[in-house]
1. Please verify whether G133 is touching a strand residue (DSSP E or B) at 6+ places or on another chain (Cβ under 9 Å), open to solvent by less than 20 Å² (accessible area, probe 1.4 Å), over 13 Å from A25 (Cα atoms) and not basic (K, R), treating the condition exactly as stated.
2. Among the residues of the range 37-48, are any assigned to a loop (DSSP other than H, G, I, E, B), under 30 Å from G279 (Cα atoms) and at pLDDT 95 or above?
3. Scan the range 1-12 and give yes if some residue there is open to solvent by 30 Å² or more (accessible area, probe 1.4 Å), part of a loop (DSSP other than H, G, I, E, B), among the aliphatic types (A, V, I, L, M) and in contact with a helix residue (DSSP H, G or I) (Cβ under 7 Å, 6 or more places away or on another chain), otherwise no.
4. Condition (residue is on the phi > 0 side of the Ramachandran plot, at pLDDT 95 or above and open to solvent by 40 Å² or more (accessible area, probe 1.4 Å)) applied to the range 683-702: is it met by at least one residue?
5. Just for helices (runs of 4 or more DSSP H) wholly inside the range 57-169: which have at least 3 residues that are closer than 24 Å to R247 by Cα and either more than 16 Å from ligand 2 (Cβ to nearest atom) or charged (D, E, K, R) (or both)?
6. Test each condition in (1) within 14 Å of V301 (Cβ to Cβ); (2) touching a strand residue (DSSP E or B) at 6+ places or on another chain (Cβ under 7 Å); (3) among the basic types (K, R) for R444 and report the one that comes out false.
7. Given the criteria within 25 Å of the chain's Cα centre (by Cα), within 28 Å of G628 (Cβ to Cβ) and open to solvent by less than 30 Å² (accessible area, probe 1.4 Å), does L273 qualify?
Amino acid sequence: MNNLVRVTRDNDVAVITVDNPPVNALSPGVPQAIEAAIDEMNIDPAIKAAVIIGAGRTFIAGADIKEFGKMTSGATPRRTLLPFLLHIEDSVKPVVIAIHGTAFGGGLELAMAGHYRVASPTAQIGQPEVKLGIIPGAAGTQRLPRLVGVAKAVEMCAEGKPVSAPDAAALGLIDSLIDGDLLSGAVAFARGIADKPIPKTRERTTKLGTATDNAAVFAAARDAARKKQRGMKAPLAAIDAVEAATRMPFEEGCQAEQKLFTECLFSDQSKALIHVFFGEREVGKIPDVPKGTPVIAVNRVAVVGSGTMGGGIAMVFANAGIPVLLKDVDQAALDAGMGKIRKNYASSVQRGRFTQQFVDERLQSITPVLTYDLFSDADMVVEAVFEGMALKKSVFAELDRACKPGAILASNTSTLNIDEIAEATSRPEAVIGTHFFSPANVMRLLEIVRGKKSSKEVIATCMQLSKKLGKVGVLVGNCRGFVGNRMFGPYRREAQFLAEEGAEIEAVDRALVDFGNAMGPLATGDLAGLDVGWRIRKEYRHLEKPGIRQPFAEDRLCELGRYGQKTTKGWYRYDENRRANADPEVAALVRKWSAEAGIPQRQISAEEIVDRCIYALVNEGARILEEGFALRAVDIDIIYLNGYGFPAYRGGPMWHADTVGLQKVYQRICEFHQQHGELWAPAPLLQRLAESGKTFAEFDKEHALAA
Ligand code: 3HC
Ligand code: NAI
């Protein structure tokens, strides 16, 4: 044995405990030690059966994802778990798998190679590999349909969503649910079956269905995957692999699965998604705010402003079980705010997302108020009033008077300077930006904006809180637009330029949607309201450098009252169902304005559209990184995936640039610089990395070492 696996005895049952924190992944050494333990049990006459269980908070959460990078880079040979799992299945004495926490990926595959599975009722069980751009690679696609049937196996392998232990029991995946102590329940279960014939999953065929029934299942699954997981290869590969289980004997099915698994593992999509997996965990690590920094208990919060954002933010806290005071200036505004919250919740009940009881309790926990009287109880306040420095300052001065010492004072501002807001209080260390994205109760991103004086406790609390709220918190610096919107500016600027240079409006959006983005940049403008940017541009016009090209189409559209979806007209025309239709009037107007401005018209390829928009993101991202407003390139990636609909399978804009090759990206940016002028000046960091043959990922690694 080794220190990753322990073997003990409970009289006639061997207990094999996997102890590989934090999640008992099947790292090198674990399979070998389990195999040795099984061999030992099989020759020990005093032992009748074995139980495999996980130490700590979970059963085996899968293969060790860190190993995949080593295999694809050639640092270690490609290993398969298949022979190890056959070894368990071929044990002459029964093996009972005891599951708590999560049995994911290789963990579930191991469980299915065992002869019986028992679980705590709270356990989660699944094949989430597609989320990493791969498919189950240790016969999961072959054993799962034999246990739960083809339709459910396809769903679990292609969508990657786990099932609860009680559901797994109903499906036939779990043989017994164990309330109370899992280990003693599993040992008792093992004793109960010790003398019975040993069932092997790979020999079962009764649930594999008929060719006709299966054809319909696979067709529907492929259709759904193409729609819901647009652009992703792994879900389709997972369906192919389950189909192989229905058409071939087990061994051949495993070979088919291996081939598909390997193709996926070596794909750019899988590398990108693995980058995202570790990135989502990396963003939580702040070099000068280490783990263990004291945090403030946030048990009650208050939100100021019950508009679009304030209402959504109140719901986010309520959903996490934190009672909220919601303040607005007058009863009418408050009623309107609460009305929207109610409507929102009602539609969640209708769509089956929440139960009526859950919603009633959440609504009870939101208290509408018109004064700051009760604010002295709040551990944290989030301000979401209109965007204007004078108003924000007056609200923060009020908060300074009303709130208890130690309370966190956060602003949801999207453009204003957090330090200037903090100056309105006597406690700038308590002030921080919490930039939620619209709709706040849906979008996962939370940019946490660090002011010059924000205290470490306040930062640590907000980072920790983001998890509790179901958000991905990313710490950013205090610059105009912070990270996400600062990059979005050049991205949308290029989209407009392209339209002004002759690209069709729909062609601009289509190119970016085909690239994988959730929405095109011009349609996004219509959704958010073109007037928002127009107002901001008017305010900051005096800061624009003369002689530098600025886009004009959206300003002109706004002058005509075309603000986007809210006025039913923007870049597109919208019908009563908010469906976008191309509007020939806009196309003609843009052509006319461009002619007046003397902009030559030309055919523009989809490739140029994508390069112009995406490299504008990358170039600005590189500046932000160098200026230190983002801690790491991966932080920028996580922001774009969770707040801006960037396709996860491309890993985020910075990872995408690495994948294309920074030399190539830099060269293209230099071409744009020559053709379009100053706005395309390459970011110095990008130039340096490209010229030294490095990547943003390497930049991150070097900086992590330096920290
Ligand atoms: N391999 C390596 N490291 C893993 C891991 C894995 N399978 N799963 C989690 N970790 C690491 C995380 O990176 C994190 O490390 P850090 O503390 O250094 O940042 C640590 O374990 C804790 O993870 P979380 O912060 O995610 O902890 P949570 O308690 O929030 O969640 C979890 C636990 C639900 C198990 C979640 O980590 C998870 O979903 N893990 C991935 C599971 C997965 O995808 N399994 C399939 C792997 S692929 C596979 O099995 C292929 C097979 O078919 C051959
Ligand atoms: P909104 O106009 O929908 O709501 C603002 C609310 O604040 C109104 O209900 C108003 O009555 C209330 N209010 C004004 N002064 C107040 C005061 N002194 N006390 C209490 N309530 C007061 O505005 P929205 O869109 O919700 O924006 C709020 C903040 O969030 C702004 O700072 C904005 O920049 C930011 N933001 C907006 C996003 C969006 O997509 N709408 C996205 C991210 C941030």
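1. Numbers: touching a strand residue (DSSP E or B) at 6+ places or on another chain (Cβ under 9 Å): no; open to solvent by less than 20 Å² (accessible area, probe 1.4 Å): yes; over 13 Å from A25 (Cα atoms): yes; not basic (K, R): yes.
Spelling it out, it is not the case that G133 is touching a strand residue (DSSP E or B) at 6+ places or on another chain (Cβ under 9 Å), open to solvent by less than 20 Å² (accessible area, probe 1.4 Å), over 13 Å from A25 (Cα atoms) and not basic (K, R).
2. Residues of the range 37-48 that are assigned to a loop (DSSP other than H, G, I, E, B), as a first pass: 44-48.
Subsequent filtering for residues that are under 30 Å from G279 (Cα atoms) retains none.
No, every residue in the range 37-48 fails to be assigned to a loop (DSSP other than H, G, I, E, B), under 30 Å from G279 (Cα atoms) and at pLDDT 95 or above.
3. Let us first name the residues in the range 1-12 that are open to solvent by 30 Å² or more (accessible area, probe 1.4 Å), namely 1-4, 6-12.
Next cut, part of a loop (DSSP other than H, G, I, E, B) only: 1, 3-4, 11-12.
This time we only want the ones that are among the aliphatic types (A, V, I, L, M), so: 1, 4.
If we keep only those that are in contact with a helix residue (DSSP H, G or I) (Cβ under 7 Å, 6 or more places away or on another chain) as well, we get 1, 4.
Yes - at least one qualifying residue is present in the range 1-12.
4. yes
5. 82-89, 106-113, 140-148, 150-159
6. (1)
7. Details: within 25 Å of the chain's Cα centre (by Cα): yes; within 28 Å of G628 (Cβ to Cβ): yes; open to solvent by less than 30 Å² (accessible area, probe 1.4 Å): yes.
Taking the combined requirement at face value, the residue satisfies it.
To keep it simple, each residue is scored yes or no on (1) closer than 30 Å to I418 by Cβ; (2) in contact with a Pro (Cβ under 9 Å, 6 or more places away or on another chain).
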position: P323; (1), (2): yes, no
position: V329; (1), (2): yes, no
position: L334; (1), (2): yes, yes
position: R353; (1), (2): no, no
position: V369; (1), (2): yes, no
position: M380; (1), (2): yes, no
position: F386; (1), (2): yes, no
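The values are calculated or read from the model by the stated rules, or taken from the named source; none is laboratory data. Just so you know, these numbers come straight off a predicted model, no measurement behind them. Quick reminder, even Gly has a Cβ in these numbers, built from the backbone with ideal geometry, and neighbours come from all protein chains shown. These accessible areas exclude ligands, DNA and RNA; they are computed on the full protein's heavy atoms, side chains included. Shrake-Rupley method; radii C 1.70, N 1.55, O 1.52, S 1.80 Å.
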